[in-house]
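The values are calculated or read from the model by the stated rules, or taken from the named source; none is laboratory data. Small disclaimer: the values here were computed from a predicted structure and weren't measured. Note that each Cβ is placed from the backbone with ideal geometry, even for glycine, and that neighbours are counted across all protein chains shown. Just the protein is used for accessible areas: all its heavy atoms, side chains included, with ligands, DNA and RNA removed. Shrake-Rupley method; radii C 1.70, N 1.55, O 1.52, S 1.80 Å.
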Amino acid sequence: MTQRDRPASVAKRKPSTSSVPTASPPLGNSYHTGTANRNLNQIGMTQVENYQLVEQLAQQLILFSTKMATAESCTGGLVAKLLTDRAGSSAWFERGLVTYTNEAKSELLGVTGDVFERHGAVSEACVRAMAEGLLRRAPVDWTLSVSGIAGPGGGSPEKPVGTVWFGWAGRGRPTTTLCRVFPGDREAIREAAA
């Protein structure tokens, strides 16, 4: 079974303490590429759950002497903020880029115009290109990318407001992607996505 075929309940499991994360971070009520969207019964993770997830991630990255970086769009740096709230994060967090425009995604991450034309900035193809582009450019072992529609405008029937795509890339590992549709206003969507 591949990562994208796993049910959402598998995506919610906490990372093992015996290996570096190999798939998308656990993000709750989610669906992976190729599966149908589901109604959500909660918004994001609690502050305690965020802290626990960051702590687990930090421990794994330190254990294996690895570092990570982030490329964010709709979250505007909120993921990097959560990661660097932990004291000593410079031991495992190398950089965070806010690539809000398509131009920034192209210039800083190497996302091609073809991706934007064929799929849009809020798509599996875009977050995959963002994560892989950052991995090629930064001296890190893992990258996380985020792109979404926080609203209040910009949504469509295919990509409603609240749609957020995540990409997780690692050196020598296949890139995984994950999509969530968060309810709420702009602030709630951005905070839930982070």
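Report whether or not residue 80 is in a strand (DSSP E or B) and either under 20 Å from residue 169 (Cβ atoms) or aliphatic (A, V, I, L, M) (or both). When the stated conditions are applied, residue 80 does not pass them.
From the list 122, 115, the one residue that fits, being over 26 Å from residue 57 (Cα atoms) and touching a Cys at 6+ places or on another chain (Cβ under 9 Å), is 115. Restricting 28, 34 to residues that are farther than 14 Å from residue 140 by Cβ, at pLDDT below 95, in a loop (DSSP other than H, G, I, E, B) and open to solvent by less than 20 Å² (accessible area, probe 1.4 Å) narrows the list to 28.
Scan the helices (runs of 4 or more DSSP H) fully inside region 87-192 and keep the ones with 1 or more residues being crowded, with 20+ Cβ neighbours inside 10 Å and of a type in the set (Gly, Ala, Ser). Give the derivation first.
Values: elements: 102-109, 113-118, 124-137.
The helices (runs of 4 or more DSSP H) meeting that bar are 124-137.
Residues in region 52-63 that are within 24 Å of residue 162 (Cβ to Cβ) and of a type outside the set (Val, Ile, Thr): 53 alone. Got at least one residue in region 46-68 being open to solvent by less than 60 Å² (accessible area, probe 1.4 Å), touching a Lys or Arg at 6+ places or on another chain (Cβ under 9 Å), touching a residue at least 60 places away in the same chain (Cβ under 8 Å) and assigned to a loop (DSSP other than H, G, I, E, B)? Yes.
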